[in-house]
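Novice: Before I ask anything, let me first share the structure, which is written out below as structure tokens.
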Amino acid sequence: MIAAIILAAGAGRRFGGVKQLAPVRGAAMLRWAVDAAWGVPALDPVVVVLGAHAAQIRAAVDFGDARVVEAPDWAEGQAASLRAGVAAAGGVDAAVVLLGDMPFVTPQVVAGAMDQWSPRWDAVRTTYGGRPGHPVVLGRRILDRVPELRGDVGARELLRGSHVRNWEAGHLCDPTDIGTPEQLEVIP
């Protein structure tokens, strides 16, 4: 069984507000990541990790049957969100990790990353033009080590020295990670 974990707990300080709810092509930014996960029926469960502004986000976004959890220590950074997501996913074989501020990652990319994974890999790292990005598929060996993570870091440290398959997806989507309102202004 493979889960989806969508990390969306940040305060959006650099963005200047509730980034998860910023409108992108008629929907809240976070909704795009949720739809990308739901677009791959083999993913179960779909876990969404909230933190800052959780009540406001819950009220504004339809999560369907996703498990929405809150990382109480979200202010620590991405490690806290990932820990909460992995705990909520339970004993899955692997998890596809998505970011709630990457609205142009498509179900095709999520499924492609998932299809690259097998138990012989510790992880699959999606790359765009050779640069690491998301989604990242974390196998059980990496998931078991996520509780070790601290600070504003994802699983990158855990991938060092692990058996990681890189998968190029630059031809499949725009991997832009939205960090500022100015980035939204140029979206067609």
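Novice: Out of the residues in the range 105-123 that are outside any helix (DSSP H, G or I) and closer than 13 Å to Asp93 by Cα, state the one that is farthest from the chain's Cα centre (by Cα).
Specialist: Arg120
Novice: If you go through the range 163-171 one residue at a time, do you hit one that is surrounded by fewer than 13 Cβ atoms within 10 Å (Cβ to Cβ) and of a type in the set (Gly, Ala, Ser)?
Specialist: Scanning the range 163-171, I find no residue that is surrounded by fewer than 13 Cβ atoms within 10 Å (Cβ to Cβ) and of a type in the set (Gly, Ala, Ser), so the answer is no.
Residues checked against (1) more than 17 Å from Ile5 (Cα to Cα); (2) out of contact with any strand residue (DSSP E or B) (no Cβ under 7 Å at 6 or more places or on another chain); (3) touching a residue at least 60 places away in the same chain (Cβ under 8 Å):
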| residue | (1), (2), (3) |
| --- | --- |
| Thr126 | no, no, no |
| Val137 | no, no, yes |
| Pro147 | no, yes, yes |
| Arg150 | yes, yes, yes |
| Gly154 | no, yes, yes |
| Ser162 | yes, no, no |
| Ile178 | yes, yes, yes |
| Gln183 | yes, yes, no |
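Novice: While we're on this one: How many of the residues making up the range 22-65 are under 17 Å from Ala95 (Cβ atoms) and assigned to a helix (DSSP H, G or I)?
Specialist: Summing the residues that are under 17 Å from Ala95 (Cβ atoms) and assigned to a helix (DSSP H, G or I) in the range 22-65 gives 5.
Novice: OK, next. From the set of residues in the range 125-166 that are assigned to a strand (DSSP E or B) and in contact with a helix residue (DSSP H, G or I) (Cβ under 8 Å, 6 or more places away or on another chain), which is modelled with the lowest pLDDT?
Specialist: Kept after step one, since they are assigned to a strand (DSSP E or B), are these residues of the range 125-166: 125-128, 131-139, 164-166.
Applying the additional criterion that residues be in contact with a helix residue (DSSP H, G or I) (Cβ under 8 Å, 6 or more places away or on another chain) yields 125-126, 132, 135-138, 165.
Working: Arg125: 96, Thr126: 96, Pro132: 93, Pro135: 97, Val136: 97, Val137: 98, Leu138: 97, Arg165: 96.
Residue satisfying both the conditions and the ranking: Pro132.
Novice: When you check Val68 against the structure, is it among the β-branched types (Val, Ile, Thr), buried (at least 18 other Cβ atoms within 10 Å of the Cβ), touching a strand residue (DSSP E or B) at 6+ places or on another chain (Cβ under 9 Å) and in a strand (DSSP E or B), yes or no?
Specialist: Values: among the β-branched types (Val, Ile, Thr): yes; buried (at least 18 other Cβ atoms within 10 Å of the Cβ): yes; touching a strand residue (DSSP E or B) at 6+ places or on another chain (Cβ under 9 Å): yes; in a strand (DSSP E or B): yes.
Answer is yes for this residue.
Novice: Moving on. Quick check on the range 1-19: of everything there that is part of a loop (DSSP other than H, G, I, E, B) and among the small types (Gly, Ala, Ser), which residue is surrounded by the fewest Cβ atoms within 10 Å (Cβ to Cβ)?
Specialist: Gly16
Novice: Here's a follow-up. Just to be sure, is Val92 in contact with a Pro (Cβ under 9 Å, 6 or more places away or on another chain), within 21 Å of Pro41 (Cα to Cα) and β-branched (Val, Ile, Thr)?
Specialist: yes
Novice: I'm trying to understand the selection: among the residues of the range 20-65, which are over 19 Å from Val97 (Cα atoms), surrounded by 19 or more Cβ atoms within 10 Å (Cβ to Cβ) and in contact with a Pro (Cβ under 8 Å, 6 or more places away or on another chain)?
Specialist: Selection gives Ala22 alone.
Novice: Considering the range 123-158 alone, what residues qualify as being buried (at least 19 other Cβ atoms within 10 Å of the Cβ) and closer than 17 Å to Gly77 by Cβ?
Specialist: His134, Val136, Val146, Leu149, Gly154, Ala155, Leu158
The values are calculated or read from the model by the stated rules, or taken from the named source; none is laboratory data. Since the model is a prediction, treat every value here as computed from it, not as a measurement. Here the Cβ is made from the backbone with ideal geometry for all residues, glycine too, and neighbour counts use every protein chain on show.
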